[in-house]
Amino acid sequence: MSSMYSRSKDYTRSRISQSDSPPSSPSPTTKTLRHERLARLDSGGSSLTSTDSDRASTRASAYTRRDNRLPSVGNKTEEETQKDFKKLYESAFNENEKLKSNLREAQLELADIKTKLERVVKKHDNSSSQVGLLEAEKREKRVLERRMSEMEDDLKVLTDLKSDNQRLKDENGALIRVISKLSK
């Protein structure tokens, strides 16, 4: 009875450990427990009855078939995962190529816009420099007009001074004559 109890206890432990690990990669403890059970079944065949040994051999063959199936299931999942990774890689690659082409188009558009902006800035600079030149010419013209009006005013004053000077000369000559008559 104790051997039956230990067998069911081991069976329960192996079931728990099998459910914890994925079927494609059994843990080392699961493999050792399975091998211990098979060894016990093979060695315990003498104390068991023929039906028990038949059951044991059936279990052993079932375990063997299951062990043989597991690597093929693991290979299928590996192939499937490789296909999944390949699909993911291809989709990421395609998306990357699309983004690269979008980036190239955006860079070309940016270069085009920059050249257009430079042309506009040059035109604006030329027009603003022309406007600046026009403004400078206008200022210079105003300054010249002011100087001209000042010179005209000075010319008027100068003619007035010349006439005053001529009058004073005439008065001076008259005074000199009066003084010379008085002194004789």
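The values are calculated or read from the model by the stated rules, or taken from the named source; none is laboratory data. This one's a predicted model, so the numbers in the text were calculated from it and none came from an experiment. The accessibility values were calculated without ligands, DNA or RNA, using every heavy atom of the protein model including side chains. Shrake-Rupley method; radii C 1.70, N 1.55, O 1.52, S 1.80 Å.
Some points to look at:
- Qualifying position, being part of a helix (DSSP H, G or I) and modelled with pLDDT under 60, among Lys116, Lys31: Lys31
- Counting only residues that are among the hydrophobic types (A, V, I, L, M, F, W, C) and open to solvent by 100 Å² or more (accessible area, probe 1.4 Å), the stretch 162-175 holds 1 of them.
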